[in-house]
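Peer 1: One structure, pasted below without further comment.
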Amino acid sequence: MNKLGRGHRDKVQQFMAITGTSEKVALQALKSSDWHLEGAFDIFYSQPHIRATTDSRHVEELYNRYKDTYADMILVDGISLLCNDLQVDPQDIVTLVISWHMKAATMCEFSRQEFIGGLQSLGVDTIQKFREKIPSLRAELKDEQKFREIYNFAFGWAKEKGQKSLSLETAIGMWQLLFAEKHWPLVDHWCDFLQARHNKSITRDTWSQLLEFAKTIDPELSNYDAEGAWPYLIDEFVEYLYENGIVGRSI
């Protein structure tokens, strides 16, 4: 890298810091994009072959370290051990981002295919590399499109197998976790409202529409349209906010 000019060196360092990848991969992506950082990120994330290759034997060893004694899957104990090795709390939202990358079907378990495929797509084959990847995984929550994908993924991931809806208790826990990242000021009021007035499971439509509501309607509801096509539960929530003086009605 010494042969590079300062501007190019800075871009390589920036690319490595954000993606957690090697200098070799950073150089390849940047050269492919004619040294445009945004283009290099697009190439890196859309073309898996440009990422660091993984040693399949090491990935398999990692899977075997965490897999259950009696089933060919990683279950709760294995995930706890993985989180311990990664030095992250199991309740940390980054574990949701990891599960999203692994395309995990169910919370608290990884199939062999999910775990190995996920690590390969991340270019990770050792715990050290995985640990070094955590900051860039956490940073993905700042990307609007990725946050939306992770948010929508969370519904299917968190619901009980065979159920179409998400239990209220689980939904509230997930909303508090996700909206702690997006800093939606009304999230606690929403959860209080659900426990007081709804007390039922949450449908996928309500789940997805709430993100749109949180993103597009300001906390004072100044741009809320009562004739809009919101699910009835969100309309009821707005009335709850007015009735309880949490938000003042506009005259």
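Every number in this text was worked out from the coordinates using simple rules, so none of it is lab data. Since this is a predicted model, take the numbers as computed values, not measurements. Glycine gets a Cβ as well: all are built from the backbone with ideal geometry, and neighbour counts include every protein chain shown.
Peer 1: Quick check: the distance between the Cα centres of segment 187-202 and segment 116-171, to the nearest angstrom?
Peer 2: 25 Å
Peer 1: Taking the mean number of other Cβ atoms within 10 Å as a proxy for protection, how do you rank 74-82, 137-145 from highest to lowest?
Peer 2: 74-82, 137-145
Peer 1: Contact order normalised by length for the chain, with contacts defined as Cα pairs under 8 Å and 6 or more residues apart; what percent is it?
Peer 2: On the way: 233 pairs, mean separation 34.1, N = 251.
This gives 14 percent for the chain.
Peer 1: For a test of the definition: using alpha carbon positions, the gyration tensor, and the 1.5 limit on a/c, classify segment 165-207 as rounded, prolate or oblate. Provide the component values of the computation, followed by the final result.
Peer 2: On the way: a/c = 2.02, a/b = 1.37, b/c = 1.48.
Because a/c hits 1.5 or more and a/b fails to exceed b/c, segment 165-207 counts as oblate.
Peer 1: If you don't mind, another one. Would you calculate the separation in nanometres between label points at A180 and D143, each defined as 7 Å from the Cα along the Cα-to-beta-carbon direction?
Peer 2: 2.3 nm
Peer 1: Assign unit charges at the C-beta atoms only (+1 for Lys and Arg, -1 for Asp and Glu), then state the dipole size of the chain relative to its Cα centre in Debye, rounded to the nearest 20. Can you show the working numbers first?
Peer 2: On the way: 28 positive and 37 negative charges, 221 e Å.
With Lys and Arg at +1 and Asp and Glu at -1, about 1060 debye.
Peer 1: Under 20 Å from the 7 Å Cα→Cβ point of D68, by amide nitrogen: which residues of segment 153-171?
Peer 2: Within reach of a label on D68: 157-163.
Peer 1: While we're on this one: Taking 7 Å along the Cα-to-C-beta vector as the label spot, tell me the K215-E236 distance in nanometres, rounded to one decimal.
Peer 2: 2.5 nm
Peer 1: Quote to one decimal, in nm, the extra length available between A17 and S121 on full extension: 0.36 nm per residue of separation minus the C-alpha distance between them. Let's see the in-between values first.
Peer 2: On the way: separation 104, 0.36 × 104 = 37.44 nm, distance 1.81 nm.
That works out to 35.6 nm of additional length.
Peer 1: Also, I was wondering about something else. Please list the non-local residues whose amide H lies under 5 Å from the amide H of W230, H modeled 1.01 Å from N, same-chain partners needing a gap of 5 or more.
Peer 2: Here the answer is none, since no amide H 5 or more places off falls under 5 Å of that of W230.
Peer 1: Pairs K133/K215; K11/K129; K103/K146; K142/K200: which are spaced more than 19 Å apart, C-alpha to C-alpha? All intermediate terms of the calculation are to be shown ahead of the outcome.
Peer 2: Details: K133/K215 28 Å; K11/K129 21 Å; K103/K146 14 Å; K142/K200 31 Å.
Long pairs (Cα-Cα over 19 Å): K133/K215; K11/K129; K142/K200.
Peer 1: What shape does segment 60-167 have by the C-alpha gyration tensor, where a ≥ b ≥ c are the square roots of the eigenvalues, rounded means a/c under 1.5, and otherwise prolate means a/b greater than b/c and oblate the rest?
Peer 2: Working: a/c = 1.74, a/b = 1.09, b/c = 1.60.
Oblate, since a/c reaches 1.5 and b/c is not below a/b.
Peer 1: Now for a separate question. Which entry in (1) -0.33, -0.42, -1.16, -1.30; (2) -0.29, -0.37, -1.05, -1.20; (3) -0.41, -0.51, -1.07, -1.15 matches log10 I(q)/I(0) by the Debye sum over Cα atoms at q = 0.08, 0.09, 0.15, 0.16 Å⁻¹ derived from the coordinates of this structure?
Peer 2: Computing log10 I(q)/I(0) by the Debye sum over Cα atoms at q = 0.08, 0.09, 0.15, 0.16 Å⁻¹ and matching it to (1) -0.33, -0.42, -1.16, -1.30; (2) -0.29, -0.37, -1.05, -1.20; (3) -0.41, -0.51, -1.07, -1.15 gives (3).
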